[in-house]
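Inspection log for the structure reproduced underneath, given as structure tokens.
Bear in mind that the values in this text are calculations on the coordinates, not laboratory data. Because the structure is a prediction, the values reported are computed rather than measured. Don't worry about glycine lacking a Cβ; one is built from the backbone with ideal geometry, like all the others, and counts go over all protein chains shown.
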Amino acid sequence: MSRLGLRNDDTCWRCNKGRGTLFHMLYECEMVHNFWLEIITCINNILETDLSVNPAICILGMLPLEVNLSSKVYCHGLILRVDLTVLQLSVH
Ligand SMILES: [Zn+2]
């Protein structure tokens, strides 16, 4: 945000703790991270999986090999939607 001239410093505008990098805004920020915890818990409950919250899944959508193809399609769509929502909320 500071590189775009939208803020005077590079501190995260949500938590005012971390440096507001893209990684922080998409995953590391405690407010977003709690959101990811709920999303992954929801996915695990629906698909009966045991996915952990990690940047490979949350940012890149990289799912373990043992997750079947139809579940991967469902997860990729949901994860992409969450990433877009987090990005939209980061700009507004
Ligand atoms: Zn933050």
Anything in the stretch 29-56 that is within 10 Å of the chain's Cα centre (by Cα) and near the ligand (Cβ under 10 Å from one of its atoms)? List them, or say none. Cys29, Val32, His33
In the set Leu60, Leu26, the lone residue that is among the hydrophobic types (A, V, I, L, M, F, W, C) and either within 16 Å of the ligand (Cβ to nearest atom) or part of a strand (DSSP E or B) (or both) is Leu26
Conditions: (1) surrounded by 15 or more Cβ atoms within 10 Å (Cβ to Cβ); (2) part of a loop (DSSP other than H, G, I, E, B). Ile40 meets all but one. Number of the miss? (2)
Failed item, numbered, when Thr49 is tested on (1) buried (at least 16 other Cβ atoms within 10 Å of the Cβ); (2) outside any loop (DSSP other than H, G, I, E, B): (2)
Tell me yes or no: at least one residue of the stretch 2-17 is under 13 Å from the mean Cα position of the chain (by Cα), in contact (Cβ under 8 Å) with a residue 12 or more places away in the chain and within 12 Å of the ligand (Cβ to nearest atom). no
